[in-house]
1. Can you tell me which residues in region 80-106 are under 17 Å from the mean Cα position of the chain (by Cα) and buried (at least 19 other Cβ atoms within 10 Å of the Cβ)?
2. Within region 162-176, can one find any residue that is closer than 19 Å to ASN214 by Cα, touching a Lys or Arg at 6+ places or on another chain (Cβ under 8 Å) and in a helix (DSSP H, G or I)?
3. With respect to PHE174, is the statement that it is in contact with a helix residue (DSSP H, G or I) (Cβ under 7 Å, 6 or more places away or on another chain) and aromatic (Phe, Trp, Tyr) true?
4. State the number of residues belonging to region 20-56 that are in contact (Cβ under 8 Å) with a residue 40 or more places away in the chain, crowded, with 19+ Cβ neighbours inside 10 Å and in a helix (DSSP H, G or I).
5. Would you mind stating whether VAL208 is within 15 Å of the chain's Cα centre (by Cα) and within 30 Å of GLU121 (Cα to Cα)?
6. Scan region 135-159 residue by residue and report those that are open to solvent by 20 Å² or more (accessible area, probe 1.4 Å) and over 18 Å from the mean Cα position of the chain (by Cα).
7. When you check GLY94 against the structure, is it at pLDDT below 95 and out of contact with any His (no Cβ under 6 Å at 6 or more places or on another chain), yes or no?
8. Determine whether ALA69 is over 15 Å from VAL126 (Cβ atoms) and in a helix (DSSP H, G or I).
Amino acid sequence: MIKAPDTRSLRRVPAEMTRAALVQAALKLFGRQGFDGTSTREIAAEAQANIGSIAYHFGGKEGLRAAAADFIVETIQTVAGQALGNAQAPMPGGPEAAQAQLFAALERMVGFVVASPQAGEIVQFVLRELSHPTAALDRIYDGVFEPTHRRLCQLWEQATGEPAESEATRLTVFTLIGQVIYFRIGREAVMRRMGWNDIGAAEAAKVVAATSGNLKAILAARKGVKMKGQRP
């Protein structure tokens, strides 16, 4: 006996596609124009969706902003997880392995933040939230900023012996992250000054080399201070 197609499943696919398109449109427009500067009509037009679908899927514009924040969390958790593992994953054994993972995380960060087209809209959205915090920033901070930064701090402790939650470690990790973020938010200035038409794989590799050099220098300086302190 031939079964009739599940019409509920068929209906669900277009609905999920519409929802995803609305999230992408909101991410782009909220980042570019701000939440207050973007109308639901503009979002629907960008997503090529019926304006009523915003209320249907998200309950309204505020719910759509929360969904965009959740999308950012899921995306960055995936990228960070590939390089760092999740918060419960065991630390690599020994300083050398931890240092290797720090370099790998830095390379992965550059690959996504600097070279990925999708990262531009994500960073713009986050920068808006950092300038004018809302509940969306709480979701992003709790889901991405805090756990990723904490994991990097734990790696730093494993690599250097410095306490993960010390002020110096937390500031150092912010420095490592910040140098990568600049290549995204200052992208246009970087391309002009470097004479690049774009930042693709070749340019990203040069950014990796520069940021990795900075990390090597910081690790060497920490090692030098530690060895000096151990002298009789």
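The values are calculated or read from the model by the stated rules, or taken from the named source; none is laboratory data. Predicted model only: the values in this text are computed from it and were never measured. When we count neighbours, we look across all protein chains shown, and the Cβ atoms used for this are built from the backbone with ideal geometry, even at glycine. Side chains included, ligands, DNA and RNA excluded: accessible areas come from the protein's heavy atoms. Shrake-Rupley method; radii C 1.70, N 1.55, O 1.52, S 1.80 Å.
1. ALA80, ALA83, LEU84, LEU102, ALA105, LEU106
2. The first filter runs over region 162-176 and keeps only residues closer than 19 Å to ASN214 by Cα, leaving 162, 168-176.
So of that shortlist, the ones also touching a Lys or Arg at 6+ places or on another chain (Cβ under 8 Å) come out as 162.
Keeping just the survivors that are in a helix (DSSP H, G or I) gives none.
Checked region 162-176: no residue is closer than 19 Å to ASN214 by Cα, touching a Lys or Arg at 6+ places or on another chain (Cβ under 8 Å) and in a helix (DSSP H, G or I).
3. Details: in contact with a helix residue (DSSP H, G or I) (Cβ under 7 Å, 6 or more places away or on another chain): no; aromatic (Phe, Trp, Tyr): yes.
Criteria not met by PHE174.
4. Looking only at that region, the number is 7.
5. Numbers: within 15 Å of the chain's Cα centre (by Cα): no; within 30 Å of GLU121 (Cα to Cα): yes.
Against the criterion (within 15 Å of the chain's Cα centre (by Cα) and within 30 Å of GLU121 (Cα to Cα)), VAL208 does not qualify.
6. Result: GLN154, GLU157, GLN158.
7. Details: at pLDDT below 95: yes; out of contact with any His (no Cβ under 6 Å at 6 or more places or on another chain): yes.
For GLY94, the condition - at pLDDT below 95 and out of contact with any His (no Cβ under 6 Å at 6 or more places or on another chain) - is met.
8. Values: over 15 Å from VAL126 (Cβ atoms): no; in a helix (DSSP H, G or I): yes.
No.
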